[in-house]
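Okay, so here's the structure we're looking at.
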There are 2 protein chains.
Amino acid sequence: MTTTEYEPNVVLATKKFDVVGTRPIRHDGADKVTGRALYGADFEAAGLFHGKVLRSPHAHARIKSIDTTRAEALPGVKAVATARDFPGAGDEVVDIGEGATPLKYLRDNVLASDKVLYIGQAIAGVAAINPHVAEEALSLIDVEYEVLPSVLSAPDGMKTDAPILHEAMRTDELGESSDRPSNVAQHFQHVLGDIDKGFKEADIVFEQEFNTATVHQGYIEPQNATALWNNDGRLHIWCSTQGAFPVRTAVSKILSLPVSKIRVIPMEIGGGFGGKLNVYLEPVAAILSKKTGHPVKMLMSRKEVFEGTGPTPGSRIKIKMGVTNDGKITAAQAYLAYEAGAYPGSPVGAGATCVFACYDIPNVVIDGFDVVVNKPKTAAYRAPGATNAAFAAETVVDMLAEKLGMDPIEFRLLNAARDGTRRADGPTHSDIGCVQLIEAMKSHPHYNAPLEGPNRGRGVAIGFWMNIGFKSSCTISVNNDGTVNLVEGSTDIGGTRVALSMQAAEVLGIPAEDVNPTVVDTDSVGYTDFTAGSRTAFATGWAAYEAAQDVKEQMIQRAAILWEIEPDNIELDHGVFKSKSDPELKMTFKELAARLDEAGSPVVGRASVDPKGVGVAFAGNIVDIEVDPETGKVTILRFTSVQDAGKAIHPSYVEGQMQGGSVQGIGWALNEEYYMNQNGGMDNFSLLDYRMPTSLDLPMIDTVIVEVANPGHPFGVRGVGEVSIVPPPAALANALYRAVGVRLNQLPMNPVAVTKAVWDKQNQG
Amino acid sequence: MTTTEYEPNVVLATKKFDVVGTRPIRHDGADKVTGRALYGADFEAAGLFHGKVLRSPHAHARIKSIDTTRAEALPGVKAVATARDFPGAGDEVVDIGEGATPLKYLRDNVLASDKVLYIGQAIAGVAAINPHVAEEALSLIDVEYEVLPSVLSAPDGMKTDAPILHEAMRTDELGESSDRPSNVAQHFQHVLGDIDKGFKEADIVFEQEFNTATVHQGYIEPQNATALWNNDGRLHIWCSTQGAFPVRTAVSKILSLPVSKIRVIPMEIGGGFGGKLNVYLEPVAAILSKKTGHPVKMLMSRKEVFEGTGPTPGSRIKIKMGVTNDGKITAAQAYLAYEAGAYPGSPVGAGATCVFACYDIPNVVIDGFDVVVNKPKTAAYRAPGATNAAFAAETVVDMLAEKLGMDPIEFRLLNAARDGTRRADGPTHSDIGCVQLIEAMKSHPHYNAPLEGPNRGRGVAIGFWMNIGFKSSCTISVNNDGTVNLVEGSTDIGGTRVALSMQAAEVLGIPAEDVNPTVVDTDSVGYTDFTAGSRTAFATGWAAYEAAQDVKEQMIQRAAILWEIEPDNIELDHGVFKSKSDPELKMTFKELAARLDEAGSPVVGRASVDPKGVGVAFAGNIVDIEVDPETGKVTILRFTSVQDAGKAIHPSYVEGQMQGGSVQGIGWALNEEYYMNQNGGMDNFSLLDYRMPTSLDLPMIDTVIVEVANPGHPFGVRGVGEVSIVPPPAALANALYRAVGVRLNQLPMNPVAVTKAVWDKQNQG
C-alpha cells in the first residue's frame, strides 16, 4: 500500500472570517473518546423490559395466520405485538415527508399484516424480562405461510411474468399504465431539447448497460429504540436517529397519535448515512410498552440490520451519449431502473436528477423506473441514487474521451455545467463550482504526477448532488461569563455541534469554544428536520446564525441602556460593541455579558429557518490503482477527493466527510454487495462477510476543498456530507480500464468480476 | 378530630379568563404518581462512585490536622476531598445572590478548613466503589480537634463573654461597632415617624418578649448530588435544587470555575421550602469526580439533613406597641435577634420588613440583629423570618384588642395597612389586599360560627410577605398539531409546570393541555432564578406569557402571508385568528399551526423577564382549638386559611400552597424544634422524633382565595407560595389564650410548655 502525505488543502478561498474556516476541537469530543456519550444501547430505566422481533424466513409469502398463544405463555414474556395492534383500519394515505404513501406500506414494513415481502421482514415483537427470554419466545410464535415465488432484481421484477408483490400496482415495464398488475411503482421521464436531433448531430455515439448491486450504509451502531408509553398517554422514545422530529412524525402516522403526544429523545448516533431516517423498532417498542406499562428496549443484531433495514438499491442503468468530433456532447439518454425493495420509493428520482447534472448537454431524455422487489425496502444512502447513476454516466463519458483521444479532465471541462446550464429535470444551474472543481483537479499535483508500472492506471470522475434546505430551529442564551448556550435539534453525526457553534460565534465575535451546543429532544426546541441531505451545517447553521443575530440585537439594546445612547448608534465589530460616534464607548461581548443584569432581563435569542438558497455540490476524484491480474485484487495507490464546499465552516469535518464518502464509494465499487441466495436471502450478513474497506485496505484519502461561495447562505456554505460518495466507483472503473484495459459494467468490481473480465479480454485477444 | 367540608372558595374574583383560573390536571402528575419521575437518588451512570461525608462531632472546635492516609488506603476508596482541594487562596468576597460574602464562609460550610462551627459540619468527602465502603472510610479519617466552648442561641451569643465564632466580627450587642470581637454579624434599624411621640399618644402600651426555636423545612427528599467532572473540563451536576442556575453560580464561586464550565441538571425535587437554595454536596461531589474521573453520587441521610443543612433560625423578639382607647395603634417597636447559625445571614432583614407590615402605624422603630451561633448555617424557609416576627407582633396585637374589648378582626381592620401606608423599611404600600383579606375573614362562616365547650378557643392572626420578581426565561415552539412545547428553567415544586402552561395557553387561546412544559438544564434555557420568593408562577409565568406573545405575533405574520393581507389587520381572539376587516378570514390556532409549513419556517417564541411589579401578599387564619389541660395537647378543631392571591392561576395549587404553608406553620407552632443537648447536638434528628404534623393531627385546612388583582402582572398574579406559613403560630397562640387563658411567648407551644403555662396560671390563681 502506498500512502501520500496528508496535506489538507483549500483552494479558491472566499471571504476571511474570524471563526468560520478555523478548526476548533469539537464540543462532543471528550464524551465520545472516553465512552461517556450515551447511545441508545446505553439506555436504562427502572422496570425496563427487552424486546425482540420475529422476522420472515421467506422472501415472499402470504401470512395465513399468526398464533402468539404459546409465546405469551412462556414465563417472563410480558407482551407480544403484531400488526393487529395498529389502531384503526390503516387504509389512509399519509405523508411522513416522502410524499403521499399508503399507511399500510409504512405499517407493513414495521410489522407485516397479510404478506411478507422479504426475508427479515418484521412480523411480531415480544417484550420480556430479558432479551434471552424474548428471543426464546420468538420460536413459540406460530406463523402459517403460503410461500410465493419471489423476484430479486429490477430487470426481473419488470418482466411480464414476474411474481407480483402488490396487486394494486398498474404500471408496465414501458412505463405505461396498464390493466394488469406489475412491480413498477412509478415511471417518469425528463426531456430537454430534441434527443433525436442531438444524436444526429453527434459524430460518436456510445451506449452501455450497467448493473449495480444492493449495498448497505454500514453504520457501526445497529438500530435501537426504547419506548415508554406513559400513563398520561404520552409516548417517549429514545433512539438512534438522524432526525428526532421525523421519527416523531413517522410514529405519529403509524400509530395514529398526535405529534404532541410523542417525545423523541435522540441518543448519540453511531453512524447513519441515510439509513437512520426511517423507523423500524420504534412503533413496535411503543406498542409493547403500551401493553406492559413498562419501558421496552429493542436492539437489532447485525443480521437484523442487513436484513431488516433499508439498503440502497441495486439498479439497471443504460446510458447513451453522443459527442461531436471536437468533443462537445450533443445528446444524452439514460434509462434508470432502481429497486425500491418491498415497497415503492427508491431514490431513482434523485438518480435521474444527478445522472447528467455535471454537464451542459442540450438534448437529454431520462427515464426513471421505481421497481418493487423481494428485498428490504430501500432507504437513503449518502447522495441516494446518484452513485449508481454516476458510475454509469461517468464510464460512458470516459469512453467518449478515450475515443476522442482527449484528456478525460479536459473533456469534462469542455462540457462542464456552468451558470445558466439547464438540467433535464428542470432547474437551471446558478452560482455553481463545477468548472472550478474540474480545474482544481486538473492542476492538482496528483493529476500531473507520473504513474508508471504494469497493471497500473489512473482514473477520474466527477459527481453531483443537489442537497436540501428544510426546517431548523435554534435558541441561544447568554451566560454572564460571556459565553452562550446554543440549543439545537440536529443529531450530530459528523461534528455539526461545532459547525453550528462556529456560525453563532462568528456573528457574536466570540471563540467557538465560548459557544456551548446541546442537541435536545423534540419537546425542547423548535421543529428541526433530519440530519441528512447535506443540510445540517447549511440550514441548522443558518438558524444558529439567525439566533445569534437576535442575541446581537438584544445585546446592542442593552449596551444602549448602559451607555444611554440610541441602539442605532451601536455596532458589534469583531466581538466589540462600539458607539459609532463616541470612540470612548466600547465593551467586549464578555464585558457586556457580565453587565446584563444592570440592563434588564437575560438575553435569549431564537430563530427558525426554512432556507431556499441551497447551493448544489460537485465533487471529483483522481485515483491511481494497481491490479493483480491473477487474483483480480485492486490496490488503491493514491486517492484524491476534490469538492466544492462553498465555504468550509470547519475544514477538518469537511475533509472528514470527503474521506468518509470516498471510502464508502470505494467499498461500493470494489467489494460491497448483498450476496443473495436462491431463496432470496442474504448470505453475507456479518461485517466479516459484508466486506467494507478497512484502514488496511486504503491509502490516506487526500482532500482538496474548493470554495465557490454559495450566495444563498450567510457564510457561503454548501452541503458537504454526500457528494463525495458519488464519483469513486466511476473513477475506479475508469482507472481499472487504464490499468488492465477492461471496462466493467457492474458493481461491485470485486476480484471475481475483475479476474473474469481480464480473462475474457485475454481470451478474446 | 373534627373535619369541615372542603369547599374551595374564591372571593372578590377579578377578570374572567378562558384558562387562567381553571383547574387542569398537572402535566407532571402521571410521572409523579407512578414513580416514573426521576429524582436525584435515581441517578445512574456507568462507573458511578458513591460519596459520603465526614461531619464534625463538635459544636465548636479548631481543626488542628486532617489525615486521610488510612482512609485512602482502604480497598475500594477512590478519593478523599477536604478543604485543601479548593483552588486558590479563597480569600475573596463573592456574591452568589445573597450580597457580598467572604468566599471562605461559603467554602467552610461545604468543607471546613480551620474550624468547625456546628455539629454535623462537613469536613471531608470520600468517594468509593459503594456507599458502604465510603462510610467505612469516614472512620479512618483522623481529625485532630481543639474543642472550644460553644454558644447556641442569639441571646447567649450576644453576651460579652460569649465564645466567639469569627474573630473578625466587631459589632456589639447594642449594634455599635466595637474593638472586641462579637457574634453579631449585622445590626440595622428602621425608623418611621417619632417613636417617643407615638408611645406618648397611646393610652395603652404593651411590651412582651418572645423566643422561638430552630425548626427545619422538613422536606421529604434529602439533599443529593451527582457530579461528573468531564475530561473536557466541564462539570455536570445532577441534584435536587430549587434553582439550577443558582447552583451553577454557587458552585462556580466555590470552585472558582466560570459558569459556562458547569451544567446543572435539576432532577425532580421532593420538597424544598427554601432549604434547597444552597449547595452542600455539589462541590464535594465535584471535587471527588475530578479526582477520580468518574461520576460521584452523594445522598444525605435524615440525620445529615437535620445537622448539616440550613434550618430556619431560632430568635429572640421583643415587641412594644401602643394604642389609643379608640383602638388606633400609635407606635410599634420591635427588637429582632435572629440566629444566623455558623455563618452570617439569618433572615432577620425580612423579619423586620414583615413584622408590622400588616398595619398602618405612624411611628415605628425596628432593630434587627444577625447573630452567629454554633448551629447549622440557617437557610430560607417559606417567608423566611416572617413567621417568628408575626408570632410576636400578632400576639401583642391580640393583647391590645382584648384589653380594648374590641373584636380582634375589627381591631385589625381598623389598623390595617392600606394603599399609601408607609412601611418602616421604606416602601409605601400600593394596590394591596390587606383590608379585603380581613373583610373576607370577618364575613367567613367560620368566624361567625359558634364555638362552645370548655377549653376551646378561637384565634385569628394575619401575616405579610413581600415576594420577589427576579429573572426568568422561556421558549415556546409550535407543533403542527396545534399544540406548543414550553421550555422553562424553574424547578417545579408545587405545580408550576401547569401554572406556566396556563399563562401561555391563555395568550394563545388554546387549552392548558395543549401546552407541553419541560424543565430543562442550565445549558438549554435562558437564565432563570430559583423557585422561591413566591416568584415562579409570577415571574416565570410572565416569561411564558411573553414568549407566547412572541409566538402569537409570528403566527399573525404567517396568517398574513396565507391570507395575503397585512399583519396589522389580524387579531387573535380566544384562539381564533381573524381579519379585522374581512369576516370570511378566520382560522383557529390549530388550523393555522397545521398550515405553518406553507408560510415559512417553524414558529419559535422566546422571552426573558426581570419583572419589578411584584405584588405583596397577605394571609390570615381563623383557628378553633381544644386544649387538654391535663396533657397540654392542642387539638385543632377547625382551620381556615385566607389569602390574597392577586389572581389564582390554578386555584387547586394555590389552595395546596395555602394548606401546606398552614400545616408547616401549625407544626412550627405546636411541636417542631431542634431539641439541643448540652454538647450543642440535636437529639431529635429523625422524623419520628422531630414531630411534624401528619394528616392524623390535622383537620381539613379550609381555604379562601381572595383576589385583589396585582396591576404589576399581566393576569394580576401575586406570589402565593409563602405567606400562608406566617399567621398560624400567632393564630394558635391567640386561640390558646381564648381556650385556657394563658399567653405563651415561646415556640413551640408543645404539651410541656402548655401544661406548664396552665399549671403556672392555676398556681398563680
Simple SL model, points at 7 angstrom along Cα→Cβ for A:ILE468 and A:ILE129; separation in nm is 4.5
Listed with the fewest Cβ neighbours within 10 Å leading, B:SER56, A:SER524 appear as B:SER56, A:SER524
Diffing region A:254-271: the Karplus 3J(HN,Hα) column from phi (6.51, -1.76, 1.60, θ = phi - 60°), in whole Hz with x for Gly and Pro, holds 5, 9, 6, 10, x, 4, 6, 8, 10, 10, 10, 10, x, 6, 4, 10, x, x
The simple spin-label model distance between A:GLU144 and A:GLU98, using points 7 Å out along Cα→Cβ, in nm, is 3.2
For B:GLU98, inter-copy label-point distances (7 Å, Cα→Cβ), nm, shortest first, read 5.8
If N is the residue count of chain B, its Cα Rg over 2.2 N^0.38 Å rounds to 0.99
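Just need the Rg to Rh number for region B:378-476, please, alpha carbons only, Kirkwood Rh.
1.06
Give me the net charge for the shell around B:GLU304: Cβ to Cβ below 11 angstrom, other residues only, Lys and Arg +1, Asp and Glu -1.
So the environment of B:GLU304 carries a net charge of +3.
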Chain B to chain A by rotation: the residue of B with the beta carbon nearest the axis and the rounded distance in Å are B:ARG606, 2
Computed ³J(HN,Hα) along region A:707-718: with the Karplus parameters 6.51/-1.76/1.60, θ = phi - 60°, integer Hz and x for glycine or proline, the list is 10, 10, 3, 7, x, x, 9, x, 10, x, 5, 10
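On a full-extension model of 0.36 nm per residue, what is the gain between A:ALA30 and A:ASP179, subtracting their alpha-carbon distance, rounded to one decimal in nm?
Roughly 47.6 nm would be gained on extension.
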For the pair B:GLU571 and B:GLU598, the simple spin-label estimate (label points 7 Å beyond Cα toward Cβ) gives in nm 2.5
Label points for B:PRO711 built 7 Å along Cα→Cβ; distances to same position in the other copies, nm, shortest first, come to 5.7
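Once you have the Kirkwood Rh of region A:72-159 from its Cα pairs, apply Stokes-Einstein at 4 °C and 1.567 mPa s and quote D in µm²/s.
After rounding, the answer is 85 µm²/s.
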1/(1 + (r/R0)^6) with r = Cβ-Cβ of B:ASP582 and A:GLU553, R0 = 35 Å, i.e. FRET efficiency to nearest 0.05, evaluates to 0.55
In whole Å, largest first, the alpha carbons of region B:60-102 cover along the principal axes 44, 24, 18
Sorting from shortest, the nanometre distances separating the label point of A:LYS761 (7 Å past Cα along the line to Cβ) from those of the same residue in the other copies are 11.5
Averaging 1/r across every pair of distinct alpha carbons in region A:7-138 and inverting yields a Kirkwood hydrodynamic radius, in angstrom, of 19.2
At q = 0.11, 0.12, 0.20 1/Å the base-10 log of I(q)/I(0) from the Debye formula over the alpha-carbon atoms of region B:419-572 is -0.65, -0.73, -1.14
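Out of the GluC sites (Glu not before Pro) in region B:22-124, which ones are loop residues according to DSSP with at most 13 other C-beta atoms within 10 Å?
B:GLU44, B:GLU92
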Rg/Rh over Cα atoms for region B:221-303, Kirkwood Rh, comes to 0.94
The correct pair for region B:573-692, radius of gyration to one decimal and Dmax as a whole number, both in Å and from Cα atoms, is 26.8, 82
Scalar couplings 3J(HN,Hα) for region B:451-465 by Karplus 6.51 cos²θ - 1.76 cosθ + 1.60 (θ = phi - 60°), nearest whole Hz, x for Gly and Pro, are 9, 10, x, x, 6, 10, x, 10, x, 10, 6, 10, x, 10, 8
Cα-based Rg and Dmax for region A:638-765, in Å, come out at 17.8, 59
Per DSSP, the loop-located GluC sites (Glu not before Pro) within region B:597-646 having at most 14 other beta carbons within 10 Å are B:GLU630
Projected convex hull area of region B:629-688, Cα atoms, direction-averaged, in nm², equals 6.9
Kirkwood Rh over alpha-carbon pairs of the protein assembly as shown plugged into Stokes-Einstein at 20 °C, 1.002 mPa s gives a D in µm²/s of 59
Inverse of <1/r> over all distinct C-alpha pairs of region A:660-731, i.e. the Kirkwood Rh in Å, gives 14.8
Region A:708-765 -> Rg/Rh from Cα coords, Kirkwood Rh, value 1.31
One quarter of the C-alpha convex hull surface, i.e. the mean projected area of region B:428-487 in nm², amounts to 9.5
The computed P(r) of region A:495-605 puts the percent of Cα pairs beyond 17 Å at 57
With N residues in region B:334-425, Rg(alpha-carbon) / (2.2 N^0.38 Å) equals 1.21
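Bear in mind that the values in this text are calculations on the coordinates, not laboratory data. None of the values given here were measured: they were computed from a predicted structure. Because the Cβ atoms are built from the backbone with ideal geometry, glycine has one as well, and the counts that use them run over all protein chains shown.
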